[in-house]
1. More than 18 Å apart: what percent of Cα pairs in region 9-61 qualify?
2. Over region 9-61, calculate the relative contact order: mean separation of alpha carbon pairs under 8 Å at least 6 apart, over the residue count, as a percent.
Amino acid sequence: MSTIEETKTNSKANSNALLLGTGLALASLILLPAVATRMGLGSSLTGALRIALMKASYRAGGSSGEEGASTPPSGFSCH
């Protein structure tokens with residue numbers, strides 16, 4: 001492949017990852033609490049599901065184009 005085709009392919013992959021990450025973040029912040037409230041789920045279960053979705057969102061949006069490896073920023077902490 002030429003470098004132009006590789007750049008287009010990498011750009012497309014990055015856009016898809018960003019879109020997936022954004023969708024998962026939206027689901028964890030807005031959709032999940034609404035559905036959990038409607039179903040009567042407890043707050044601890046809802047919180048655990050939100051954390052799982054946010055982690056998936058971070059992994060999907062933060063992956064680099066090289067073999068799907070994730071590169072977390074330095075100093076990241078969840079506490």
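1. 37 percent
2. Here the relative contact order equals 57 percent.
Taken together, the values in this text are just the output of simple stated rules run on the coordinates, not laboratory data. These numbers come from a predicted model, not from an experiment.
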